[in-house]
Amino acid sequence: MRVPVSWLRSYCAPGLSAEEIADVLTMAGIKLERLHRVGVGDPAQFVVGRVLKAEPHPDADRLTVCEVDDGSAAPRTIVCGAPNVAGGQTVAVALPGAVMPDGSKLGEAKLRGVKSSGMILAEDEVGIGEDHTGIMVLENGAEPGSPLADQLPIADEVLELEITPNRPDAMAVYGVAREVHAVTAAPLGDDPGAEDAEPAGDDSAEDHASVEIADPEICLRFSARVYEDVEIGPSPAWLKQRLMAAGQRPISNVVDITNYVMLTVGQPLHAFDLDRVRGSRIVVRRAEPREKMRTLDGVEREFDPDTALVCDAEGPSEIGGIMGGEISEVSDATTRVLMVELCGARLVPGTIDAYPRAAESRKVSLRLARMEQLLGTSIDTDEVVGILGRLGFQPVLSGETVDTTAPPWRDSDVQREADLVEEVARVHGLDKIPTTLPARRNAVGRLAGSQPLRRRLEDALRDRGLHEIVSYSFTAPEALERLRTDGEQLRVRNPLSEEQSVLRPLLLPGLLDAARHNAAHGRAGLALFESAHVYLPAGSLDEAPSGPPAGARPAAEGHHLGALVTEAAPGGWRSNPVAGDFYATRALLEAVLGIAGVDWRLEPGGPPFLHPGRAATVKAGEAELGWLGELHPLVLREWELHAPVSAFEIDAEALAALTLGSVATYHDVTSVPSVLQDIAVVVPDEVSAAEVERAVRAGGGELLSDVQVFDLYRGEQVGQGSKSLALRLEFRAPDRTLTDDEVTERRAAIERELDQIGGSLRA
Amino acid sequence: MPDLDQLRSEAEAAIAAAGSSAELEELRVRYLGRKAELTQALRSIVELPPQERGPAGKAANQVKQALEAMLERRTEELEASELDRKLAEDRIDVTLPGDPPRPLGHLHLVSQIRREMEDIFIGLGFAVVEGPEVEYGYYNFTALNHPPEHPARQPGDTFYLSDEVLLRTHTSPMQVRAMEEQEPPIYIVVPGRVYRPDTPDATHVPMFHQLEGLAIDEDITLADLQGVLVQFARGMFGEDTEVRLRPGYFPFTEPSVEVDVSCFNCGGKGFIGSERCHTCKGEGWIEILGSGMVDPNVLGYVADRGYDPDKVQGFAFGMGIERIAMLKHRVPDLRMLFENDVRLLEQFGA
């Protein structure tokens, strides 16, 4: 909303600068976006002049050489190009050095050999209109040399204000003036709607036209008046300047008046040409479903039944307007006055007023104690009453309660006690609210659910050199196809693009996109992770509960932790880079699972976007926690990445659920020594390390407290088709030192178990 | 008895001339070994007449001790110089680069700021809770006092999955969910992703992060809201930060307030020297969040969970995490935070 300050001051002038008025409004809830200065620079350079003599330029047909009295001793010579300049006119003159509205500075110039010292002004040259067909001719009477600013509004300040949607009343100059009045208590000028024009004639408006509201739900009230003998022409300078400064183009007196009234009081209104209203009848009704109509801007639009159409007796026509929502009360006395004054019109007596359900004023009460309880401070009762009075609420103090009547312009916004509290608080000044802390009964500040674990896991990956990314939760259906994942997806109905039309069921596409982006920018080797939600359907979205969902969630959302490694460690002058292969990434996953402290295992095989021979499923008991593996070469090709690239993704919520509430308890490892033994096991190539470990554990029984695979050997000493695994075994009994015999016995049992899987101990 | 003086001077000269520890060992055997002249002499003292034994033994022992001390001193000297020589040979080019370290990892700037916020509010007694991003219109709008015709519900402002299911446009739906789950008093903050169909530009992206706050008890006031936000702002932006409440409008708070903090870049002056401050654009204040007293209509939706609007009251606030990250760390373009370019990621969150 653009509010010209001179216009605002015509209703409320608190003796403050434009900046100070802006501060007052900002702190009352109407925020200044920008303060504009419009019109000319220093107004002292603009004076009234009288054309003493106007003669054709000797060398130019279209120029006139004028002698202009500017109040100084000698007349000044000004070459003027306007066709309407003539001797005897009182005109507006810019002196050399004047700064024009566009910021340019007027100099002295020779025009076809004649020196011109100044400029006779057209209205567009001082920003009070758009007309450039001729110079402005002022009314006689103004003294040559007197300030032009006394005659014309050539310079102004404009407040560009941000009006919140609850304050349509402040979308008007008078409404803003009321706010200034409420805060500063400076007097507020009379309601511009209060003054009415004198009707003339014996007929009545209802003789000329009628108005029907077909659906009172969509239009509360529609009022009309009839004018005859309207003379259409340009508006006067003051009106044009106000419209221009407020951001409206002047068009003609009738249109300008309707716009001016709307800018003044916020009431939308429209001038209908009665000769073109078929049947002289205006009908306001709901649009039919998909009804089409050509609007005033010449565009054919389609409407739905939420829109009110203004039609005439024969239906929608070019006279039609559209009304966004409800129309309330019309207060258009200004129009009446202006129409009569500026268009020489005759106001036909009477008002056509379709107002099917007259609204009653709303009564709202404010308990002073309640206000103090909400604000945390008390406000003097006289001030409360004063504020509400200046805002138009007609407050009446009754004991500890203030009873009010909400004015029509605040009816939609102020309906309850809390709304009145806000009114008083914002005008009183939020800067006067004290600063305290709440009691915080039973308050425990903490992370909840999986958050503490997630933080530790994210830190662990960060500390191992991974960069955290944040990628969009949307992905392209095509990306999921390239990952060969199928299954139900959650689609957005109104995506910004097809690329962002599906909610991702896993983090991998975002990690791959980020890896590709960085590879394209010269960073092919890196390690990334993301910790975020993933989304799967949980039943049909169309079967949403009709009432409150009572805590239900519309989709199956989980929180995943995913990592992608294209290079595990960089190379240097004496070391090679560590590739982002399965085992490098497995080390990261082991750290994550180790921190969580869950009993986990990997099982061969994983989702289809992984290398089928280098893929594993992460399990804990029967629960599936996620996957780990090198990416399938065809997937890598789609993302322009080079093998090996490995990744893992785990369900952080499931992981946290396994650890929640578990507390580590002390194990005695110092009182009795353990026995460490290294063994080498030769097994056929196809037997996995996990199978060997399982056999060793089966043979070792309870006394075997730990097994670690620490070496792998293939070669001559074990023969083709076999491999040798080196394992470190730790034997321990909780209550005694183990004897050699006991350990030997266990080793024999381990050998027997290994034999079952085709393995043997190597000497 | 040998001539002890001669023996001593001869041995001392030899020890002084020795050039290696091997030579010294040889000399030790020659002059102090079992078969050495001096050892023999000491051993044969018993054969002397008793009155001569004392002086002879004393003299011989003096020589022995002197030679032992000199040998030891000389051994140390030689070992030291041998070590120096060896160390000189072991010299390396210390100007070559070290082994490449594992690259320093980084949290994303959004995570870093989110954690900073969470930690400040944890210190103030707020629990951190999270909620779903795929949400019902009921929680995102209806229970937050948005009438059915509210413009924010339009598909131009909200991503929809079905008529009733949408991507949450703010973290506020967790206000109602949390109150359904927990009776008052309640003190929570809710970080998370939110979504709006904004065409990306320097200040808009379709997905960003917010942190919501909610405090409900019998006696929580607007003054308490100001107090909590002052604590937060000082924790986030520095001890000298001031907070300014300005009236605002949100459907689910009444009174509603916009919250500005004094500009941490120019100290609230609006100018740095004669230059207009870029961070606050010369205003001295920066708008960082929206808040207010929870609207009685919102409490009405959970009245049966103990939130009778006549008995309990409180405040709520919500702020954009990216906005604060960008202001504090001077990131010029919101889109950069979602490109995941390592050159940006490396600058924050180590």
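The values are calculated or read from the model by the stated rules, or taken from the named source; none is laboratory data. This one's a predicted model, so the numbers in the text were calculated from it and none came from an experiment. Note that each Cβ is placed from the backbone with ideal geometry, even for glycine, and that neighbours are counted across all protein chains shown. For the accessible areas, the whole protein counts, side chains as well, though only heavy atoms, and no ligand, DNA or RNA atoms are used. Shrake-Rupley method; radii C 1.70, N 1.55, O 1.52, S 1.80 Å.
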Next item on the list: Among A:Phe731, A:Gly701, A:Val683, flag the residue with its Cα farthest along the positive direction of the charge dipole of segment A:676-746, charges on Cβ as +1 for Lys/Arg and -1 for Asp/Glu.
Entry: A:Val683
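Restrict the search to segment A:360-415; then list the GluC sites (Glu not before Pro) that DSSP places in a loop and that have at most 14 other Cβ atoms within 10 Å of their Cβ.
Numbers: sites: A:Glu360, A:Glu372, A:Glu383, A:Glu400; in loops: A:Glu360, A:Glu400.
Qualifying residues, ordered by number: A:Glu360, A:Glu400.
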Next item on the list: Report the relative contact order of segment B:1-126, percent, no decimals, based on alpha-carbon pairs under 8 angstrom and at least 6 residues apart.
Entry: 25 percent
Notebook entry, point to check: Which whole-angstrom value gives the distance between the alpha carbon centres of segment A:54-106 and segment B:1-40?
Noted result: 125 Å
Item checked: Length-normalised contact order of segment A:353-463 in % [C-alpha pairs under 8 Å, at least 6 apart] -> 28 percent
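Skip the ligands, DNA and RNA, and give the accessible area per residue of segment A:614-763 with a 1.4 Å probe, whole Å².
57 Å²
Quick one: order A:Trp238, B:Trp285, A:Trp7, A:Trp573 from most to least accessible surface, probe 1.4 Å. Write out the running numbers ahead of the final one.
Values: A:Trp238 100, B:Trp285 70, A:Trp7 0, A:Trp573 145 Å².
Output order, biggest surface exposure first: A:Trp573, A:Trp238, B:Trp285, A:Trp7.
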Checklist line | Diffusion constant of the protein assembly as shown at 10 °C, which comes from Stokes-Einstein with the Kirkwood Cα-pair radius and 1.306 mPa s, µm²/s | finding: 42 µm²/s
Note to self: Please compute, for the alpha-carbon atoms of segment B:153-249, the extent along each of the three principal axes and give them in descending order in Å.
What the structure shows: 41, 37, 23
Note to self: 7 Å from Cα along Cα→Cβ at both A:Glu217 and A:Ala313: what's the point-to-point distance in nm?
What the structure shows: 2.9 nm
Checklist line | Sequence of A:Leu738, A:Leu761 from largest to smallest accessible area, 1.4 Å probe | finding: A:Leu761, A:Leu738
Check: How many nm separate the modelled label positions at A:Arg34 and A:Ile232, each set 7 Å beyond the Cα in the direction of the Cβ?
Finding: 3.4 nm
Next item on the list: May I ask you to derive the FRET efficiency for A:Glu624 and A:Glu498 from their Cβ-Cβ distance with R0 = 35 Å, giving the value to the nearest 0.05?
Entry: 0.65
Next item on the list: Run through all the Cα pairs of segment A:542-693 and give the fraction in each 5 Å bin from 0, expressed as whole percent.
Entry: 2, 7, 12, 14, 14, 14, 13, 10, 6, 3, 2, 1, 1, 0
Margin query: With unit charges on the beta carbons (Lys and Arg positive, Asp and Glu negative) and the dipole taken about the Cα centre of the protein assembly as shown, which residue among A:Ser72, B:Ser111, A:Pro4 sits farthest to the positive side?
Written below: B:Ser111
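Give me the percent of accessible area attributable to carbon and sulfur for chain A, probe 1.4 angstrom. Each step should come with its number before you reach the end.
Details: 17350 of 36440 Å².
Roughly 48 percent, rounded to a whole number.
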Next item on the list: Take every residue in peptide A:644-651, count the Cβ atoms of other chains within 10 Å of its Cβ, and give the average of those counts.
Entry: 0
Next item on the list: Over segment A:2-131, give the accessible area per residue in Å² for a 1.4 Å probe, as an integer.
Entry: 45 Å²
Checklist line | Size of electric dipole in chain A: Cβ of Lys, Arg +1 and of Asp, Glu -1, about Cα centre, debye, nearest 20 | finding: 2100 debye
Note to self: Output needed: percent of Cα pairs per 10 Å distance bin for segment A:630-744, bins running from 0 to the one holding the longest distance.
What the structure shows: 11, 23, 26, 25, 11, 3, 0
Next item on the list: Please give, to one decimal in nm, the separation of the simple spin-label points placed at B:Asp310 and A:Ser17, each 7 Å out from Cα toward the Cβ.
Entry: 5.2 nm
Next item on the list: Name every cysteine in the protein assembly as shown that ends up alone, with no second cysteine's Cβ under 4.7 Å, or say none.
Entry: A:Cys12, A:Cys66, A:Cys80, A:Cys219, A:Cys311, A:Cys343
Notebook entry, point to check: To the nearest 500 deg cm²/dmol, what mean residue ellipticity at 222 nm is calculated for the protein assembly as shown from DSSP H runs of n ≥ 4 alone, each contributing -39,500 (n - 2.57), summed and divided by the residues?
Noted result: -8500 deg cm²/dmol
Next item on the list: Give me the percent of the accessible area of segment B:186-332 that comes from carbon and sulfur atoms, probe 1.4 Å, all protein chains in place.
Entry: 46 percent
Notebook entry, point to check: Considering only protein heavy atoms, what per residue accessible area in square angstrom results for segment A:527-605 with a 1.4 angstrom probe?
Noted result: 45 Å²
Notebook entry, point to check: To the nearest 0.05, what FRET efficiency results for A:Val444 and A:Glu481 with a Förster distance of 60 Å applied to their C-beta separation?
Noted result: 0.80
Next item on the list: List the accessible area buried at the contact between A and B, summed over both sides and calculated with a 1.4 Å probe, in Å² to the nearest 100.
Entry: 8300 Å²
Next item on the list: Work out the length of the dipole vector of chain B about its Cα centre, built from +1 on the beta-carbon of each Lys and Arg and -1 on the beta-carbon of each Asp and Glu, and round it to the nearest 20 debye.
Entry: 1060 debye
Item checked: Solvent exposure ordering (accessible area, 1.4 Å, most first) of A:His667, A:His181 -> A:His667, A:His181
Next item on the list: Would you work out which of A:Ser365, A:Ile469, A:Leu159 lies farthest towards the positive end of the dipole of chain A, given +1 charges on the beta-carbon of Lys and Arg and -1 on that of Asp and Glu, about the Cα centre?
Entry: A:Ile469
Next item on the list: Summarise the long-distance tail of P(r) for segment A:345-480 by giving the % of C-alpha pairs beyond 18 Å.
Entry: 72 percent
Checklist line | Rg/Rh for segment B:51-146, where both radii come from Cα atoms and Rh is the Kirkwood radius | finding: 1.71
Next item on the list: Starting from the Cα-Cα distance between A:Arg281 and A:Lys115, subtract it from 0.36 nm times their residue separation and give me the gain in nm to one decimal.
Entry: 53.5 nm
Check: Do you know the relative contact order of chain A, to the nearest whole percent, from alpha carbon pairs under 8 angstrom that are 6+ apart?
Finding: 8 percent
Check: Can you work out D for segment A:371-448 in µm² s⁻¹ from Stokes-Einstein, where Rh is the Kirkwood radius over C-alpha pairs, the temperature is 37 °C and the viscosity is 0.692 mPa s?
Finding: 230 µm²/s
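Highest first, please rank the peptides A:81-92, B:106-117 by the mean number of other Cβ atoms sitting within 10 Å of their residues. List each step's numbers first, then the result.
Numbers: A:81-92: 17.4, B:106-117: 22.2.
Packing order, densest peptide first, comes out as B:106-117, A:81-92.
Per-residue mean of other chain beta-carbon atoms within 10 angstrom of the beta-carbon, peptide A:372-380? Before the final figure, lay out each step's value.
Values: counts 1, 5, 10, 5, 9, 3, 0, 0, 0.
Going residue by residue through A:372-380 and averaging, the value is 4.
Based on the mean of other beta carbon atoms within 10 Å per residue, what is the order of A:638-649, A:192-203, most packed first?
On the way: A:638-649: 21.2, A:192-203: 14.1.
The packing order, highest mean first, is A:638-649, A:192-203.
Can you pull the mean other chain C-beta count within 10 Å for peptide B:246-259?
Details: counts 9, 15, 8, 8, 2, 2, 0, 2, 9, 14, 5, 6, 5, 1.
Other-chain Cβ atoms within 10 Å of each residue's Cβ, averaged: 6.
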Note to self: Suppose we compare each residue of segment A:548-568 in its chain alone and in the full protein complex with a 1.4 Å probe; which ones drop by at least 50 Å² of accessible area?
What the structure shows: A:Pro549, A:Arg553, A:Pro554, A:Glu557
